[in-house]
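What follows is a set of notes on a single structure, which appears directly below.
The values are calculated or read from the model by the stated rules, or taken from the named source; none is laboratory data. Everything numeric here is computed off the predicted structure, so don't read it as measured data. Backbone-built Cβ (ideal geometry, glycine too); neighbour counts: all protein chains shown. All accessible areas refer to the heavy atoms of the entire protein, side chains included, with ligands and DNA or RNA removed. Shrake-Rupley method; radii C 1.70, N 1.55, O 1.52, S 1.80 Å.
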Amino acid sequence: MIDKRQYSPSAERNRGPILEAMRGYLPAAGTVLEVASGSGEHAVYFAPQIAPLKWQVSNLDRAQLDSVQSWITHCPADNLLSPILLDATAETWPVETDEYPGKPVTALFNANMIHISSWNVTEGLFAGAGRILPQGGRMFLYGPYRVNGAQTSSSNVEFEVWLKSLDQEFAIRDQEQVISEAKKNGLTHLNALPMPANNFLQIFEKR
């Protein structure tokens, strides 16, 4: 079998701190939907440690879907569900269908997506979270943020210059703007946990 695993040094560095930060907020049961699972390295690390919770991986990029499946093949776990194709901007997600086997989805996780996509992707992400999460469901967003409109480090200033060189719609999002978008979709901001490398774990709850 061809090994299609992709590797992300940053995912390997941040996965431990992210899991530790999430532990006190994860639901007791159900499925965690990871929107934009990237290479799949977060999923195969998190899943065995959060059982009996299930972990649902997803991607829009076909090559990344192949990478996720390859990681699952090499590092299987009983609570890792098969990858699904998911577009965050879609009006209906695959997990909303009657045929979806992982119901109920009680939490949503997304890392390092909203700054490297246009704002309408963030809007779609929160709209989807508002639709699928039950009352008390949790949403976790990991990545860099501006706070009160200001960058939190000089490295993030340089990082945003690089993002803009890729696409003018890419940007490190302002924490307050993200919280406002969450509120529009019935999600209350619980915490902004500082993380290594000038990142944050933003935690929301459906109310």
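Data overview
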quantity: Global form of the stretch 1-147, assessed from the alpha-carbon gyration tensor, a/c cut-off 1.5; calculated: rounded
quantity: Candidates Leu166, Leu19, Leu60, ranked by Gaussian network fluctuation over the chain, Cα under 10 Å, top entry; calculated: Leu166
quantity: The stretch 31-168 - share of DSSP beta bridges that are antiparallel (%, nearest 5); calculated: 5
quantity: Inter-centroid distance (Cα atoms) of the stretch 142-207 relative to the stretch 100-127, Å; calculated: 14
quantity: Surface per residue (accessible, 1.4 Å probe) for the stretch 135-207, Å²; calculated: 48
quantity: ³J(HN,Hα), Karplus 6.51/-1.76/1.60, whole Hz, each residue of the stretch 60-66, x for Gly, Pro; calculated: 9, 7, 5, 5, 6, 4, 5
quantity: Accessible area of Ile72 in the full protein assembly, 1.4 Å probe (Å², nearest 10); calculated: 20
quantity: In the stretch 1-82, the trypsin sites (Lys or Arg not before Pro) that fall in loop regions by DSSP, at most 14 other Cβ within 10 Å; calculated: Arg23
quantity: Heavy-atom accessible surface of the chain: percent carbon and sulfur, 1.4 Å; calculated: 52
quantity: Subset of Lys164/Lys206; Lys103/Lys206; Lys54/Lys183 violating a 23 Å alpha-carbon distance limit; calculated: Lys164/Lys206; Lys54/Lys183
quantity: Theoretical ellipticity at 222 nm over the chain - DSSP helices of four or more residues, -39500 (n - 2.57) apiece, nearest 500; calculated: -11000 deg cm²/dmol
quantity: Mean separation of Cα contacts under 8 Å, 6 or more apart, over the residue count of the stretch 61-207: relative contact order %; calculated: 23
